[in-house]
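Down below is the structure, laid out as structure tokens.
The values are calculated or read from the model by the stated rules, or taken from the named source; none is laboratory data. Because the structure is predicted, anything quoted here is derived from the model rather than measured. Quick reminder, even Gly has a Cβ in these numbers, built from the backbone with ideal geometry, and neighbours come from all protein chains shown.
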Amino acid sequence: GQQVMQIPQYQHVQEGEDFTTYCNSSTTLSNIQWYKQRPGGHPVFLIQLVKSGEVKKQKRLTFQFGEAKKNSSLHITATQTTDVGTYFCAAGGYQKVTFGTGTKLQVIP
Amino acid sequence: DGGITQSPKYLFRKEGQNVTLSCEQNLNHDAMYWYRQDPGQGLRLIYYSQIVNDFQKGDIAEGYSVSREKKESFPLTVTSAQKNPTAFYLCASSILDTNTEAFFGQGTRLTVV
């Protein structure tokens with residue numbers, strides 16, 4: 001079945017440093033979604049990318065979808081303590097959404 | 001308020017007992033899902049349903065059962081056959097479309113002792 005892998009699994013950064021998580025799929029994706037889960041919370045939708053090579057920005061967050069639609073990245077510029085949490089990519093599909101393994105971000109003040 | 005509600009938030013059960021986790025949504029979504037999350041792990045799909053009275057097994061369905069008698073409700077039963085039931089269980093819903101986001105409930109943390 002479809003597999004979605006994320007790297008790194010964990011990342012510790014000093015507040016103010018940048019952070020990037022990468023998502024790779026074994027198959028071509030129709031779309032890629034990104035979610036954020038705060039500690040003790042539930043995943044919350046951030047954004048969806050559909051087009052090959054698409055780039056979207058949300059304030060300090062930049063999302064990219066690869067040209068081959070098999071990989072994606074999330075980059076956070078100048079991290080803040082409010083960015084702490086686990087970031088998941090997810091491969092959207094008609095029948096189900098397949099989640100990546102997640103990257104847990106810790107921000108050191 | 002529109003949303004998806006899971007109850008209870010914390011649940012304790014003795015080994016060998018079946019337990020049912022509730023999930024209700026008032027978003028008028030056709031699709032509903034159950035995921036399991038273990039510490040430091042991603043989300044693994046247990047069951048999903050696209051329409052009332054129909055559901056499909058996900059990647060880790062063994063030891064679990066579901067029902068979808070109403071569009072709004074998708075309860076999950078963790079049976080005694082589930083070898084390691086202690087986990088965080090998340091219910092989600094979405095409209096039935098390829099390019100659509102999933103809305104999650106607050107989750108139920110099940111501990112089996």
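Under 7 Å between Cβ atoms, which residue pairs at least 6 apart in sequence (or on different chains) link something in region A:5-25 that is over 18 Å from A:Ile108 (Cβ atoms) and in contact (Cβ under 8 Å) with a residue 24 or more places away in the chain with a partner that is β-branched (Val, Ile, Thr) and in a strand (DSSP E or B)?
A:Gln6/A:Thr21; A:Gln6/A:Thr103; A:Tyr22/A:Ile7; A:Cys23/A:Val4; A:Cys23/A:Ile32; A:Ser25/A:Val4
Could you give every pair whose Cβ atoms fall below 6 Å, whose first residue belongs to region B:20-48 and is free of Cβ contacts under 8 Å to residues at least 12 places away in the same chain, and whose second residue is assigned to a strand (DSSP E or B), counting only separations of at least 6 or pairs across chains?
B:Gly42/A:Phe99
Against the definition (in contact with a Lys or Arg (Cβ under 6 Å, 6 or more places away or on another chain), among the aromatic types (Phe, Trp, Tyr) and under 19 Å from B:Pro8 (Cα atoms)), how does B:Phe55 come out, yes or no?
Values: in contact with a Lys or Arg (Cβ under 6 Å, 6 or more places away or on another chain): yes; among the aromatic types (Phe, Trp, Tyr): yes; under 19 Å from B:Pro8 (Cα atoms): no.
Considered against the rule, which asks whether it is in contact with a Lys or Arg (Cβ under 6 Å, 6 or more places away or on another chain), among the aromatic types (Phe, Trp, Tyr) and under 19 Å from B:Pro8 (Cα atoms), B:Phe55 comes out as no.
Can you find, within region B:67-86, the residue that is farthest from B:Leu27 (Cα to Cα) among those that are of a type in the set (A, V, I, L, M, F, W, C) and away from chain A (no Cβ under 14 Å)? Steps first, please.
Let us first name the residues in region B:67-86 that are of a type in the set (A, V, I, L, M, F, W, C), namely B:74, B:76, B:78, B:81.
Filter once more, so that each one left must be away from chain A (no Cβ under 14 Å): B:76, B:78, B:81.
Working: B:Leu76: 19, B:Val78: 25, B:Ala81: 33 Å.
Per the criteria, the residue is B:Ala81.
Return yes when A:Ser73 is among the polar types (S, T, N, Q) and surrounded by 20 or more Cβ atoms within 10 Å (Cβ to Cβ) and no when it is not. Quick ask: steps written out before the conclusion?
Details: among the polar types (S, T, N, Q): yes; surrounded by 20 or more Cβ atoms within 10 Å (Cβ to Cβ): no.
The answer is no for A:Ser73.
What about A:Lys104, is it basic (Lys, Arg), without any contact (Cβ under 8 Å) to a residue 40 or more places away in the chain and surrounded by 15 or more Cβ atoms within 10 Å (Cβ to Cβ)?
Details: basic (Lys, Arg): yes; without any contact (Cβ under 8 Å) to a residue 40 or more places away in the chain: no; surrounded by 15 or more Cβ atoms within 10 Å (Cβ to Cβ): yes.
No: the conditions fail for A:Lys104.
Consider region B:65-108. How many of its residues are in contact (Cβ under 8 Å) with a residue 40 or more places away in the chain, in a strand (DSSP E or B), more than 27 Å from A:Thr28 (Cα to Cα) and touching a Leu at 6+ places or on another chain (Cβ under 7 Å)?
5
Taking A:Phe63 as meeting all but one of (1) within 21 Å of A:Gln9 (Cα to Cα); (2) facing chain B (nearest Cβ under 9 Å), write down the number of the exception.
Evaluating A:Phe63 over (1) within 21 Å of A:Gln9 (Cα to Cα); (2) facing chain B (nearest Cβ under 9 Å) leaves (2) as the failure.
Results for (1) in contact with a Ser or Thr (Cβ under 9 Å, 6 or more places away or on another chain); (2) closer than 21 Å to A:Val44 by Cα; (3) at pLDDT 95 or above, shown as yes or no for each residue.
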| position | (1), (2), (3) |
| --- | --- |
| B:Pro8 | yes, yes, no |
| B:Gln17 | yes, no, no |
| B:Glu24 | yes, yes, yes |
| B:Gly42 | yes, yes, no |
| B:Val66 | yes, no, yes |
| B:Ser73 | yes, yes, yes |
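Looking at (1) touching a residue at least 12 places away in the same chain (Cβ under 8 Å); (2) under 25 Å from B:Ile95 (Cα atoms), which one does A:Gly85 not meet, given that it meets all the others?
All conditions pass for A:Gly85, except number (2).
Can you confirm whether A:Lys104 is within 14 Å of chain B (Cβ to nearest Cβ), closer than 22 Å to A:Gln9 by Cβ and more than 10 Å from the chain's Cα centre (by Cα)? Don't jump to the end; show me each part of the working.
Details: within 14 Å of chain B (Cβ to nearest Cβ): yes; closer than 22 Å to A:Gln9 by Cβ: yes; more than 10 Å from the chain's Cα centre (by Cα): yes.
Taking the combined requirement at face value, the residue satisfies it.
Among the residues of region A:41-62, how many are out of contact with any Phe, Trp or Tyr (no Cβ under 6 Å at 6 or more places or on another chain), free of Cβ contacts under 8 Å to residues at least 40 places away in the same chain and crowded, with 18+ Cβ neighbours inside 10 Å?
Summing the residues that are out of contact with any Phe, Trp or Tyr (no Cβ under 6 Å at 6 or more places or on another chain), free of Cβ contacts under 8 Å to residues at least 40 places away in the same chain and crowded, with 18+ Cβ neighbours inside 10 Å in region A:41-62 gives 1.
From B:Asp54, B:Asp59, B:Asp30, grab the single residue that is among the acidic types (Asp, Glu) and within 26 Å of A:Gly102 (Cα to Cα). So that I can check it myself, show each step before the final result.
Details: B:Asp54 fails: within 26 Å of A:Gly102 (Cα to Cα); B:Asp30 fails: within 26 Å of A:Gly102 (Cα to Cα).
Result of the check over B:Asp54, B:Asp59, B:Asp30: B:Asp59.
Which residues, taken from region A:77-98, are within 10 Å of the chain's Cα centre (by Cα) and either more than 10 Å from every other protein chain (Cβ to nearest Cβ) or hydrophobic (A, V, I, L, M, F, W, C) (or both)?
At the first step, the residues of region A:77-98 found to be within 10 Å of the chain's Cα centre (by Cα) are A:86-90.
Answer for region A:77-98, where residues must be within 10 Å of the chain's Cα centre (by Cα) and either more than 10 Å from every other protein chain (Cβ to nearest Cβ) or hydrophobic (A, V, I, L, M, F, W, C) (or both): A:Tyr87, A:Phe88, A:Cys89, A:Ala90.
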